[in-house]
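Q: Just dropping this structure here.
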Amino acid sequence: MLRAIAWITFLEGLRNKAVYGISLLAGLMMTFTVAISSMIMRDVGKVATDFALSSATFAALLVVLFVGITILARDMERKTVYLALSRAVPRSRYLVGRFLGLALLQSALILLLLVASSATLLLVKQLYPSFFGSVSLWLVCLAHLFILQQMFLLTALSMLFSLVASSSFVTFLLTTLTWLIGSSTQEVKLLIESAGTDNISPAVKLLVQLAYYLFPNFALFDLKATAAHGLAINTTSLGFSLLYGLGYSIAVLSVAVVLFRRRELT
Amino acid sequence: MIEFNDVHKTYRLDRQKKVTALTSLTLSVSSQEVFGCIGPNGAGKSTTIKLLLDLIRPDSGSITINGHPANNEASRARVGYLPENPYIYDFLTASEYLAYSGRLSGMSPAAIKLRSEELLTKLKLDQAAKRRISGYSKGMQQRTAIAAALIHDPELVVLDEPMSGLDPLGRKLIFDLIAELKAGGKTVFISSHVLTDIERLCDRVGIIVQGSLRYQGGVSELTLPLEELFLQVVAEAGLSEVK
C-alpha cells in the first residue's frame, strides 16, 4: 500500500514535463560552468565545483517548488486523493507514501545531477589541467548527499504548508521564504553576535535568534565550500547534521499527519 | 450494512456563516440491497456519501459500515467508491490506474491482471488500456473510474452520479454493470438524478431535501412514478429555489 502510493507519486513526478525542463536547465548550467571556467585563471577546480553544486541545489529546489507542491495541490484540488482514502488506507500512510515518492524523485534527480557534476568537473580538469588544482569527487558526492537531505526536509515542510495554506501559491511562498530564511539565519546570527554590532537593536537581535531556532538551519547541509576547497570533514558534525535533518523532517511530517487526519475533504 | 444514526452536519463558510448540510439523518441500508439516494442539487446526497467514507466528519451522530465505525479504516476494507465527476491520474494509463487501485486494496499482481482484463473488456476500454488517461474522453474517464472502484470486488459499492458524462451506450454499460452487481449480491448505494434508472435498479429509495431525509421506502411499494413522488416530496418540503 505504502509502496504503491510512493511509486505512483514517483511516476507522477517523472511524467511531469517540468522535471525535464528543470533537468535541461541544470544541464545548461553545467555547460555554463565549463564556459565560465575558461575565464578563470586560477583555482578553476574550486570555481567549477562551486558552480556545479550551486546548479544542483538550484535544480533540486525547483523540483520541490514546482513539481512537489503541484503534485500535492492537485491531489487536494482534483480530489484524486479520494481513491486511496475511500479504501482502508490510513491518512498517515497516504501522506507518508506521498513523501516517500517525492523523496525517491529527488534522489533520482540528485543522482543524475551528481553524474552531471562529476562529468563537468572531469571535463574542466581535462580542459584546464594546469589551473584546476585538486578536487575530491568524494567530497562532491557527499555534498550532493547533503543537498538531498536539504530537499527531503524542504519537501516535508512544503507538505505541511500545503495542509494549512489556502492555495498552492501560498504554499509556494511559504516554502520559498522558509528556504531563504533557513539558508541565511546562521550567517546573520554570526554577524549579529560578532564584535562591533552594538548599534543593532535588541529587538532585531531577538528576531534573528528566534528565526535561527524556529526555522530549519539549511546552512548545516551546505558543503559547497568544503567540497570546493577540499576542507577536512568533521564526521561528528556531519553526523549531527544528518540526524538534525532526519529528526526535523520526521517532526514536520508528524505534524502534517496530525493536520491531515483532521482535514475535511469536501 | 450501512447505518446512519441521527447524523448532523454543518459546513462553516466563514467565522459567522454556517450552512446546515444534513439534519437528523437516520438511514439504513441492508446487506445485498441496492439503495437509491435522490434529491435536488445541494440536498446533501454527496455529503451523505462523504460522511460514509470518512472524507468529512459528522458534527454528531454515528455512522457504521458492517458494524465498524466509519472513521475506522477497517470499515472501508471492502468498499468501492465512484465520486461525482471523478478526476483520475491522467498521467497513467487505464491499466496502470487499475493496478494502483488494486494495490491499494492489497491485491496481488496476478489477481489485478485478471480482474483488470475482465473490467476493461466489460467497459469497452480494452483497446485504450495502454493509452494515457489524459487522452481519454469524459465517458472513458468515467468508465475507468468505475472500473477502479470495482477492481477489488468490493462488498459495498458507492456510486455518486455513475451516469454522469456518459453517452447512451456508456449508460447502458453502467446500467448492466450495476444490474450485475445486484444479481451478484453486492450492496450498492447510488446517488443519481436519473430517476428511471433508480426505479429500475434499486430495491429501496430515499429522498433527501434540504438536508433531511423526507422519504424512504421500497421501490416496489411506490404508488406513483418515482419522478412524481420526487416532485411531491420536494413541494411538500417547500423548496422553491432551483440550484
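The values are calculated or read from the model by the stated rules, or taken from the named source; none is laboratory data. Computed from a predicted model, the values in this text were never measured in an experiment. Note that each Cβ is placed from the backbone with ideal geometry, even for glycine, and that neighbours are counted across all protein chains shown. When the accessible area is computed, the model is the full protein with side chains, heavy atoms only, and any ligands, DNA or RNA have been set aside. Shrake-Rupley method; radii C 1.70, N 1.55, O 1.52, S 1.80 Å.
Q: Listed highest first by mean packing, meaning other Cβ atoms within 10 Å per residue, what order do A:7-19, B:153-165 come in? Intermediate results must be reported in sequence, preceding the final value.
A: Numbers: A:7-19: 18.7, B:153-165: 21.9.
Those peptides, ordered most packed to least, come out B:153-165, A:7-19.
Q: Show which lysines lie in cross-link reach of B:Lys186 when reach means a straight Cα distance below 18 angstrom and same-chain residues fewer than eight apart are skipped.
A: Excluding near neighbours in sequence, the set is B:Lys122.
Q: Provide the convex hull volume over Cα atoms per residue for the stretch B:70-175, in Å³.
A: On the way: hull volume 10.3 nm³, N = 106.
So the per-residue Cα hull volume is 97 Å³.
Q: Hey, another quick one. List nothing, just return the count: lysine pairs in chain A, 8 or more apart or interchain, with Cα separation under 30 Å.
A: Lysine pairs meeting the criterion: 9.
Q: Can I ask one more? State the percentage of accessible surface on the stretch A:2-262 attributable to carbon and sulfur atoms; use a 1.4 Å probe and exclude ligands, DNA and RNA. Show your work: numbers first, answer last.
A: On the way: 8600 of 12250 Å².
C and S fraction of accessible area: 70 percent.
Q: I've got another one for you. Quote the convex hull volume per residue of chain A, based on C-alpha atoms, as a whole number of Å³. Provide the component values of the computation, followed by the final result.
A: Values: hull volume 39.5 nm³, N = 266.
Output value, Cα hull per residue: 148 Å³.
Q: Ignore the peptide's own chain and count Cβ atoms of other chains within 10 Å of each Cβ in A:112-120; give me the average, rounded. All intermediate terms of the calculation are to be shown ahead of the outcome.
A: Working: counts 0, 0, 0, 0, 0, 0, 0, 0, 0.
Taking all residues of A:112-120 together, the mean is 0.
Q: I'm checking a number: the convex hull volume of the Cα atoms of the stretch A:127-234, normalised per residue, in Å³. What is it?
A: Hull volume normalised by residue count: 168 Å³.
Q: Solvent-accessible area per residue for the stretch A:2-262 at a 1.4 Å probe radius, Å²? Walk me through the intermediate numbers first.
A: Values: 12250 Å² over 261 residues.
Accessible area per residue: 47 Å².
Q: Would you mind checking the tilt of helix A:2-14 against the longest principal axis of the Cα atoms of chain A, expressed as 0 to 90 degrees and rounded to 10?
A: Value to nearest ten degrees: 60.
Q: Once amide H atoms are built 1.01 Å from N in the peptide plane, which residues 5 or more positions from B:Thr93, or in another chain, come under 5 Å H to H?
A: B:Ile133
Q: Need one value for B:98-104: mean number of C-beta atoms belonging to other chains within 10 Å of its residues' C-beta atoms. The partial results should precede the final answer.
A: Values: counts 0, 3, 7, 4, 1, 6, 13.
Average neighbour count from other chains, rounded to a whole number: 5.
Q: Hey, could you grab the Kirkwood Rh for the protein assembly as shown? Inverse mean 1/r over distinct alpha carbon pairs, Å, one decimal. Don't skip to the answer; put the middle values down first.
A: Details: mean 1/r = 0.0385 Å⁻¹.
Hydrodynamic radius (Kirkwood, Cα only) of the protein assembly as shown equals 26.0 Å.
Q: What share of the DSSP beta bridges in the protein assembly as shown is antiparallel, in percent to the nearest 5? Don't skip to the answer; put the middle values down first.
A: On the way: 22 of 39 bridges.
The answer is about 55 percent antiparallel.
Q: If you take each beta carbon of peptide A:4-14 and count the beta carbons of other chains within 10 angstrom, what is the mean?
A: On the way: counts 8, 3, 0, 4, 9, 0, 0, 5, 4, 1, 1.
Taking the mean over all residues of the peptide, I get 3.
Q: Now a separate question. Over the C-alpha atoms of the stretch A:158-216, what are the Rg and the largest Cα-to-Cα span, Dmax, in Å?
A: Values for the stretch A:158-216 (Cα only, Rg and Dmax): 14.3, 44 Å.
Q: With Kirkwood's inverse mean 1/r over C-alpha pairs for Rh, give me the Rg to Rh ratio of chain B, two decimals please. Walk me through the numbers before you get to the answer.
A: On the way: Rg = 18.1 Å, Rh = 18.6 Å.
Reported Rg/Rh (Cα atoms, Kirkwood Rh): 0.97.
Q: Using the structure shown, select from B:Lys18/B:Lys45; B:Lys113/B:Lys172; B:Lys9/B:Lys113; B:Lys9/B:Lys124 the pairs with a Cα to Cα distance greater than 30 angstrom. Please list the in-between numbers first.
A: Numbers: B:Lys18/B:Lys45 18 Å; B:Lys113/B:Lys172 25 Å; B:Lys9/B:Lys113 41 Å; B:Lys9/B:Lys124 39 Å.
Checking Cα-Cα distances, B:Lys9/B:Lys113; B:Lys9/B:Lys124 exceed 30 Å.
Q: Listed highest first by mean packing, meaning other Cβ atoms within 10 Å per residue, what order do A:156-164, A:73-81, A:185-193 come in?
A: The most tightly packed comes first, giving A:156-164, A:73-81, A:185-193.
Q: How big is the dipole moment of the protein assembly as shown about its Cα centre under a simple scheme where the beta carbon of each Lys and Arg is +1, that of each Asp and Glu is -1, and everything else is neutral? Debye, nearest 20, please. If you can, show how the numbers build up before the last one.
A: Working: 47 positive and 38 negative charges, 165 e Å.
With only Lys, Arg, Asp and Glu charged at Cβ, the dipole is about 800 debye.
Q: Return the ratio Rg/(2.2 N^0.38 Å) for the stretch B:17-142, where Rg is computed over Cα atoms only. List each step's numbers first, then the result.
A: Values: Rg = 17.4 Å, N = 126, 2.2 N^0.38 = 13.8 Å.
The stretch B:17-142 yields a ratio of 1.26.
Q: How compact and how long is the stretch A:186-233, expressed as Rg and Dmax of its alpha-carbon atoms in Å?
A: Computed over the Cα atoms of the stretch A:186-233, radius of gyration and Dmax are 13.7, 39 Å.
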